[in-house]
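S.K.: Got a structure for you, questions after.
The values are calculated or read from the model by the stated rules, or taken from the named source; none is laboratory data. Not measured: the values here are computed from a predicted model. Don't worry about glycine lacking a Cβ; one is built from the backbone with ideal geometry, like all the others, and counts go over all protein chains shown. Calculation scope for accessible area: heavy atoms of the full protein, side chains included, ligands and nucleic acids excluded. Shrake-Rupley method; radii C 1.70, N 1.55, O 1.52, S 1.80 Å.
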Amino acid sequence: MSWTLSDSDSDESTDLSHRGKKCAESDEDCAGESSRTEPVDDSTSGGQAGPSGSGGSGGRREGKQKRTDERDRRPECRYGKKCYRKNPLHLQQYRHPGNSSSSSDEEKSSPPHKKLKTGSPSAAASSSSSSSSSSSSSSSSSSQAAEPGPYAFFLTKVSGIAARFNQTGAMHISDILSAEKGKLLASAQFNYMIDISWLIRQYPQEARGKPLLIVHGDSGLSKVRLQEEAHHFSNIQLCQARLEIMYGTHHSKMMFLLFEDGLQIVIHTANLIQQDWHQKTQGVWLSPRFPKLSDGSSPSDGDSPTHFKADLLAYLAAYKKSALDGWRRHIQEHDMSEARVHIVASVPGRHQGAQKNQWGHLKLRHVFQERGPPADLVKGWPVIGQFSSIGSLGADAQKWLCGEWLSSLAAVKGKPSLMMGTRQPQLQLIYPSVNNVRTSLEGYPAGGSLPYSINTARKQPYLNKFLHQWSSSARGRTRASPHIKTYTRTSPDCSRLAWFLVTSANLSKAAWGALEKNGAQLMIRSYEIGVLFLPQDFGDDTTFAVHASCSEPFPIPYDLPPLPYDTNDQPWVVDIPYVNKPDSHGCIWQPS
């Protein structure tokens, strides 16, 4: 079954054809993560019938499937369970006997199915194993499940973990869009993967017909499919982002929500598909409700000390799309002076002059040089990067990773960036190991959203020495595979943070940019957006506390200190087989 890996933002294409993720104790295929696939009502799913004469349980499943098919008046797809189609409309119009499916947009935890179909749209839904005890059995003294406090930084809710981890500092997309938030007039969604039918159902009933602009980067057949979906909703307008540099993606994940009483901006890390909001760890930042400026105000009025409004307008202008003009006017008309975060975005292009410092890692460097931590404060503090994909970084760690890129993340107030040959801070990179993926709530299919390819990995073996496990015991999400991307700088004892960034940008030159022409220009392939938290924008302190005992601890999403890979650990690589150990659902991973 052919499918496209989610969130491919590396310098190489990561489209793969996967033959199956086979169950260790079954002759049938285990479920892989589908892409752009809409789950159908699970009233049509009874699981795959067992072999003839295999026993009563198989007969009951077969009988249930037969009765279900009799109730379903839709014609059967001629391809049956081998159907490769991903269009939700196709799945709604035709029956696919034998395929598993899910009943709702936010499924409840259930035991894993033993027999799942390759590419099943319910792979994530079906992998909700009873993991509450394992998720909550351990704790960390240096991170906590705290209220987001003044930071408005949340994790997404996860199915299959202890309820208490979803009750504090967590929300689902339907919570973001809830009718309790007020009367919605219009919205815009910026994303990489969009399942329109699923997305519409996340809005409250009364808001589903309101104007909705979808900004995407699809082209070719993917664009046609998106247009087919959108055609069924008269309120939806599509806007295709320009992608003029090879291997670039429209990877930004952002919402504009226009209410009667103001405008809210949401910057997050999840694709607009069911799987990304089900059993993965994702991050969400919610802006305040920005009120409208008084009549006669200038469009430049209402900016914050962090230049949030100006930077957001510059980001929209970079699309060069008239479809965004209306939203640019809405932003100009609202008072965003209460925004406390800095926008760190990337847009495709070869940026020179003043534009060079406006995007990518050079934007981060520029902010740090103006408002970042003092050099004497962060001396000896490591830089931590956490992400869900790795691009081609080059054969020499010192050139881009530990040179150009780390120089930006290690920049300090009032001083030029690190130069080659100077002492660099320790770099700790958090990326799931094979064992992290194998034991996750989704099992091996979680690796479909971690598109690090073997061809890229072979060219940069040095990366392994920087790698650390994904662990989030204090937030109950160790088994919720991370799709979130965050970067920070911690004190050696992990009690304080100098800053924190949540973003769509993975560890790649495509996302962050790479200097060209002896540093005269910055080349970026993709659209990305994130928000940077600096302590002085939230009070008088020079650092964020992370201990739960503090009055306003920063809600760090993973455990500190990070746990290094041991000698037997390997980073997850998506296009090689894992057959020696079954995953949490008894399945193996066999790409083809």
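S.K.: List the residue pairs whose Cβ atoms are under 8 Å apart, where the first residue sits in segment 439-459 and is buried (at least 24 other Cβ atoms within 10 Å of the Cβ), the second is assigned to a helix (DSSP H, G or I) and not aliphatic (A, V, I, L, M), and the two are 6 or more positions apart or on different chains.
M.R.: Note: pairs meeting the criteria are TYR444/ARG438; SER449/GLN275; SER449/ASP276.
S.K.: Kindly list the number of the only condition in (1) in a helix (DSSP H, G or I); (2) within 26 Å of SER471 (Cα to Cα); (3) of a type outside the set (A, V, I, L, M) that fails for LYS363.
M.R.: (2)
S.K.: Restrict the check to segment 536-547 and report whether at least one residue is crowded, with 19+ Cβ neighbours inside 10 Å and free of Cβ contacts under 8 Å to residues at least 60 places away in the same chain.
M.R.: So the first thing to find is which residues in segment 536-547 are crowded, with 19+ Cβ neighbours inside 10 Å, and the list is 543-544, 546.
So of that shortlist, the ones also free of Cβ contacts under 8 Å to residues at least 60 places away in the same chain come out as 544.
Yes.
S.K.: Separate question: Cβ-Cβ under 8 Å, sequence separation 6+ or interchain: first residue in segment 293-322 and on the phi > 0 side of the Ramachandran plot, partner part of a loop (DSSP other than H, G, I, E, B). Which pairs?
M.R.: Sorted first by the residue in segment 293-322, then by its partner, the pairs are GLY302/LEU293; GLY302/ASP335; GLY302/MET336; GLY302/SER337; LYS320/ARG242.
S.K.: Another question, then. Determine whether segment 213-224 contains at least one residue that is touching a Lys or Arg at 6+ places or on another chain (Cβ under 6 Å) and outside any strand (DSSP E or B).
M.R.: Start the filter on segment 213-224 by keeping residues that are touching a Lys or Arg at 6+ places or on another chain (Cβ under 6 Å), which leaves none.
Checked against the condition, which is being touching a Lys or Arg at 6+ places or on another chain (Cβ under 6 Å) and outside any strand (DSSP E or B), segment 213-224 yields no hits at all.
S.K.: Further, regarding this structure: Considering ILE588, ILE524, ILE556, ILE529, which residue is buried (at least 16 other Cβ atoms within 10 Å of the Cβ) and touching a His at 6+ places or on another chain (Cβ under 8 Å)?
M.R.: The match here is ILE524.
S.K.: Continuing with this model, one more query. Considering each residue of segment 233-290, count those that are farther than 22 Å from LEU184 by Cα and either without any contact (Cβ under 8 Å) to a residue 12 or more places away in the chain or among the acidic types (Asp, Glu) (or both), and give that number.
M.R.: Total meeting the criteria: 2.
S.K.: Between LEU212, LEU226, LEU199, which is among the aliphatic types (A, V, I, L, M) and farther than 17 Å from LEU184 by Cβ? Walk me through it before giving the result.
M.R.: Working: LEU212 fails: farther than 17 Å from LEU184 by Cβ; LEU199 fails: farther than 17 Å from LEU184 by Cβ.
Just one listed residue meets the conditions, LEU226.
S.K.: Starting from residues that are open to solvent by less than 20 Å² (accessible area, probe 1.4 Å) and not aromatic (Phe, Trp, Tyr), keep the ones in segment 560-580 and report whichever is farthest from PRO382 (Cα to Cα).
M.R.: Filtering segment 560-580 for residues open to solvent by less than 20 Å² (accessible area, probe 1.4 Å) gives 560, 562, 571-574.
Restricting the remaining residues to those that are not aromatic (Phe, Trp, Tyr) gives 560, 562, 571, 573-574.
Details: LEU560: 12, PRO562: 11, PRO571: 21, VAL573: 26, VAL574: 29 Å.
Among residues in segment 560-580 that are open to solvent by less than 20 Å² (accessible area, probe 1.4 Å) and not aromatic (Phe, Trp, Tyr), the one farthest from PRO382 (Cα to Cα) is VAL574.
S.K.: Could you figure out which of (1) open to solvent by less than 10 Å² (accessible area, probe 1.4 Å); (2) touching a Ser or Thr at 6+ places or on another chain (Cβ under 9 Å); (3) of a type outside the set (A, V, I, L, M, F, W, C) isn't true of GLN332?
M.R.: (1)
S.K.: Just checking, does segment 454-465 include any residue being of a type in the set (Gly, Ala, Ser) and at pLDDT 95 or above? So that I can check it myself, show each step before the final result.
M.R.: Narrowing segment 454-465 to residues of a type in the set (Gly, Ala, Ser): 457.
Subset that is at pLDDT 95 or above: 457.
Checked segment 454-465: at least one residue is of a type in the set (Gly, Ala, Ser) and at pLDDT 95 or above.
S.K.: Spot the failing condition for GLY519; the list is (1) in contact with a helix residue (DSSP H, G or I) (Cβ under 8 Å, 6 or more places away or on another chain); (2) modelled with pLDDT under 95; (3) not acidic (Asp, Glu), and only one is missed.
M.R.: Every listed condition holds for GLY519 apart from (1).
S.K.: Right, here's the next one. Limited to segment 335-360, what total is found for residues that are open to solvent by 30 Å² or more (accessible area, probe 1.4 Å), in contact with an Asp or Glu (Cβ under 9 Å, 6 or more places away or on another chain), part of a helix (DSSP H, G or I) and of a type in the set (Gly, Ala, Ser)?
M.R.: Residues meeting the conditions: 0.
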